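The values are calculated or read from the model by the stated rules, or taken from the named source; none is laboratory data. In this text the structure is predicted, and so the values were computed from the model without any measurement. Here the Cβ positions follow ideal geometry from the backbone for every residue, glycine too, while neighbour counts run over all protein chains shown.
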């Protein structure tokens, strides 16, 4: 009964409150105490509407950083392999993560994404699709951001750049850009490039596509 309550709807008020408490009572103090943590551009975050948070991706802690920076409850798109670990599966499912087969996104992923949006959650996706440990450039762009923006009824995208934070004590900056509306007249490839170009600029990375 308890498990059904915890996981049946990970986007209800209880889960949203859990997110907020984790962010402000645990994560916020940790990053501000251990890094020179700064957030720029919070005025660009839309009010009372769902959107896609899209950024570059250095490390496993990036979803945490984006939640802290935006103060948003974000359902992150996560590769299905992460759900193979049963302990990790329970944690990330409780926190609203949406599993995806990166080779072929299924109907269940789309349904869960739409459920999150209907409950006023935002969606988190990394523009490169996976981690890139380079601190100099972005070399690939995946169309996931544009794809989910389109099927989410033309969701706007909030581009974010993560800079620094390689070790404790470092400067760690989150730069939030202006919202980018989905242009139905453009292809997914064109929109992907627009998002990627802005994220690279915010992250102070070169965009050098292979």
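Could you tell me how many of the residues in the stretch 94-107 are in a helix (DSSP H, G or I) and farther than 26 Å from residue 22 by Cβ?
Total meeting the criteria: 1.
Out of 45, 26, which single residue is farther than 24 Å from residue 142 by Cα and either in contact (Cβ under 8 Å) with a residue 12 or more places away in the chain or surrounded by fewer than 16 Cβ atoms within 10 Å (Cβ to Cβ) (or both)?
26
Residue-by-condition table, conditions (1) at pLDDT 95 or above; (2) part of a strand (DSSP E or B); (3) within 15 Å of residue 139 (Cα to Cα); (4) over 18 Å from the mean Cα position of the chain (by Cα):
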position: 168; (1), (2), (3), (4): no, no, no, yes
position: 173; (1), (2), (3), (4): yes, yes, no, no
position: 183; (1), (2), (3), (4): yes, no, no, yes
position: 194; (1), (2), (3), (4): yes, no, yes, no
position: 201; (1), (2), (3), (4): yes, no, yes, no
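Looking at (1) in a strand (DSSP E or B); (2) more than 13 Å from the chain's Cα centre (by Cα), can you tell me which one residue 125 breaks?
For residue 125, the failing item is (2).
Does residue 122 fit the bill of being at pLDDT 85 or above and more than 20 Å from residue 55 (Cα to Cα)?
Details: at pLDDT 85 or above: yes; more than 20 Å from residue 55 (Cα to Cα): no.
When the stated conditions are applied, residue 122 does not pass them.
Does any residue of the stretch 156-166 turn out to be touching a strand residue (DSSP E or B) at 6+ places or on another chain (Cβ under 7 Å), at positive phi, surrounded by 21 or more Cβ atoms within 10 Å (Cβ to Cβ) and in a loop (DSSP other than H, G, I, E, B)?
Scanning the stretch 156-166, I find at least one residue that is touching a strand residue (DSSP E or B) at 6+ places or on another chain (Cβ under 7 Å), at positive phi, surrounded by 21 or more Cβ atoms within 10 Å (Cβ to Cβ) and in a loop (DSSP other than H, G, I, E, B), so the answer is yes.
Filter the stretch 22-64 for residues that are touching a helix residue (DSSP H, G or I) at 6+ places or on another chain (Cβ under 7 Å) and in a helix (DSSP H, G or I); which is nearest to residue 160 (Cα to Cα)? Write out each step before concluding.
Filtering the stretch 22-64 down to residues touching a helix residue (DSSP H, G or I) at 6+ places or on another chain (Cβ under 7 Å) leaves 23, 27-28, 31, 37, 39, 45, 50, 52-56, 64.
Narrowing further to those that are in a helix (DSSP H, G or I): 23, 27-28, 31, 64.
Values: 23: 18, 27: 19, 28: 18, 31: 18, 64: 13 Å.
Applying the filter and picking the extreme gives 64.
Collect the residues in the stretch 68-93 that are closer than 19 Å to residue 127 by Cβ, touching a residue at least 60 places away in the same chain (Cβ under 8 Å) and not in a strand (DSSP E or B), keeping them in residue-number order.
Passing the criteria: 69, 70.
Can you confirm whether residue 100 is buried (at least 21 other Cβ atoms within 10 Å of the Cβ) and over 18 Å from residue 176 (Cα atoms)?
On the way: buried (at least 21 other Cβ atoms within 10 Å of the Cβ): yes; over 18 Å from residue 176 (Cα atoms): yes.
So residue 100 fits the description; yes.
Can you tell me which residue within the stretch 167-186, out of those that are surrounded by fewer than 18 Cβ atoms within 10 Å (Cβ to Cβ) and out of contact with any helix residue (DSSP H, G or I) (no Cβ under 7 Å at 6 or more places or on another chain), is nearest to residue 33 (Cα to Cα)?
169
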